[in-house]
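Engineer: Have a look at this one.
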Amino acid sequence: THNLLAAIADTDLPVHLVHLGTMGVYGYGWSDDSLIPEGYLEVMLETPSGVVKRDILHPASPGSVYHMTKTLDQLMFAFYAKNDRIRVTDLHQGIVWGTQTPQTVVDERLINRFDYDGDYGTVLNRFLMQAAIGHPLTVHGTGGQTRAFIHITDTVRCIELAIDNPPEYGERPRILNQVTETHRVRDLANLVSEHTGAEVQYLANPRLEADENTLKVDNHTFLELGLNPTTLSDGLMAEVREVAGKYAFRVDDSKILARSLWRKDM
């Protein structure tokens, strides 16, 4: 990311950098039940001459090295936007689910990658894949982890909207929350189980994270720009199960369960 920013700063091209970040920079539970703003938090500072109002980057609370790298990215964006007037839009994206967009259904060769393994697979796609092949739905811990979600069609649309609506030169990075809905993990598992008959299996959590958390997210900018959210539906879940079932012969069963512990003593 730094190499890219330095390269942009060395050119005179009218570059607008759109970065696909993550909701994970905010952490899960830090804000309790307050609304997570789009990147910036208004704070009041007590000074000897009185109270001063400032907008700061929302305090970061990354839960993984992956989220930490995105946190470092946003600090570099702030610097280069201020120092070199680089235009940046940083998209704090929720968990992507689904497999197809209107474009990819045109030809089977355009189908998207589908990560299902215990370390990198996204939770709802994992559940739908597990249901398709007759594997128990693997819920880590209590399943009370609340996460933000977005369908793959909306992900593509949000990137398009971000590209078409760049910030002005000299503006701070525009940070947009790229999410459409939030769900608890156990609720998703129960929903998939009701529709498929799959067993829900609770396993020890290999991650270091809160057992339960709330999550309220401000996503007003994309809605104002024209995003028409695609929310969880039976038809779209069935589409994922069908794709997973069609390619079930490719599944490596040894990769389904999470094997990596986030700390040695866990």
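Engineer: On a full-extension model of 0.36 nm per residue, what is the gain between Asp164 and His220, subtracting their alpha-carbon distance, rounded to one decimal in nm?
Structural biologist: 18.5 nm is the gain from fully extending Asp164 to His220.
Engineer: While we're on this one: Going highest first, how would you order 209-220, 88-99, 159-170, 254-265 by mean Cβ packing within 10 Å?
Structural biologist: Ranked by mean Cβ neighbours within 10 Å, highest first: 88-99, 209-220, 159-170, 254-265.
Engineer: Next up: So for segment 1-65, what percent of the C-alpha to C-alpha distances run longer than 20 Å?
Structural biologist: Summing the P(r) of segment 1-65 above 20 Å gives 53 percent of all pairs.
Engineer: How long is the gain from Glu242 to Glu194 if the chain were fully straight, where each residue apart is worth 0.36 nm and the alpha carbon distance is subtracted?
Structural biologist: Gain on extension, Glu242 to Glu194, equals 15.6 nm.
Engineer: Another one. For the chain, find the longest principal axis of its Cα atoms and tell me its angle to the long axis of helix 123-133, 0 to 90°, nearest 10.
Structural biologist: The answer is roughly 20 degrees.
Engineer: Note the listed values (1) -0.47, -1.07, -1.41; (2) -0.52, -1.17, -1.47; (3) -0.63, -1.05, -1.22, then indicate which one is log10 I(q)/I(0) by the Debye sum over Cα atoms at q = 0.09, 0.14, 0.17 Å⁻¹ calculated from this particular structure.
Structural biologist: From the options (1) -0.47, -1.07, -1.41; (2) -0.52, -1.17, -1.47; (3) -0.63, -1.05, -1.22, the structure gives (1).
Engineer: Using modelled backbone amide H atoms (1.01 Å from N, in-plane), which distant-in-sequence or interchain residues come within less than 5 Å of Lys216's amide H?
Structural biologist: Ile36
Engineer: Run the quick spin-label model on Asp117 and Asp32: label points 7 Å from Cα toward the beta carbon, then report their separation in nm to one decimal.
Structural biologist: 4.0
Engineer: Evaluated at 20 °C with a viscosity of 1.002 mPa s, what Stokes-Einstein diffusion coefficient in µm²/s does segment 1-142 have when Rh comes from the Kirkwood expression over alpha-carbon pairs?
Structural biologist: 115
Engineer: Okay, moving on. Over its Cα atoms, what ratio of radius of gyration to 2.2 N^0.38 Å does segment 196-266 give?
Structural biologist: 1.62
Engineer: A further question on this structure: In the neighborhood of Gly39, defined by Cβ-to-Cβ distances under 11 Å, what is the net charge if each Lys or Arg adds +1 and each Asp or Glu adds -1?
Structural biologist: Residues close to Gly39 contribute a combined charge of -2.
Engineer: With everything on Cα atoms, drop me the angle between helix 65-84 and the longest principal axis of the chain, reported from 0 to 90° to the nearest 10.
Structural biologist: On a 0 to 90 degree scale, this one is about 30.
Engineer: How large is ³J(HN,Hα) for each residue in segment 178-195, as worked out from phi by the Karplus curve 6.51 cos²θ - 1.76 cosθ + 1.60 (θ = phi - 60°), to whole Hz, x for Gly and Pro?
Structural biologist: These are the phi-based 3J(HN,Hα) values: 9, 9, 10, 7, 10, 8, 7, 4, 5, 5, 5, 4, 5, 5, 5, 4, 4, 8 Hz.
Engineer: Using per-residue counts of other Cβ atoms within 10 Å, averaged over each peptide, order 9-20, 68-79, 111-122, 47-58 from highest down.
Structural biologist: Averaged packing, sorted descending, gives the order 68-79, 111-122, 9-20, 47-58.
Engineer: Now for a different question. Provide the gained length on full extension for the span Val52 to Ala6, in nm with one decimal, where the gain is 0.36 nm per separating residue minus the Cα-Cα distance.
Structural biologist: Going from the current span to full extension adds 13.2 nm.
Engineer: Now for a separate question. State the percentage of accessible surface on the chain attributable to carbon and sulfur atoms; use a 1.4 Å probe and exclude ligands, DNA and RNA.
Structural biologist: 52
Engineer: While we're on this one: Quick one: if the Förster radius is 41 Å, what FRET efficiency do Ser260 and Glu171 give, using the C-beta to C-beta distance and rounding to 0.05?
Structural biologist: Computed FRET efficiency for Ser260 and Glu171: 0.55.
The values are calculated or read from the model by the stated rules, or taken from the named source; none is laboratory data. Because the structure is predicted, anything quoted here is derived from the model rather than measured. Cβ atoms come from the backbone with ideal geometry, glycine included; neighbour counts cover every protein chain shown. To get the accessible areas, we keep the full protein, side chains included, count just its heavy atoms, and leave off ligands, DNA and RNA. Shrake-Rupley method; radii C 1.70, N 1.55, O 1.52, S 1.80 Å.
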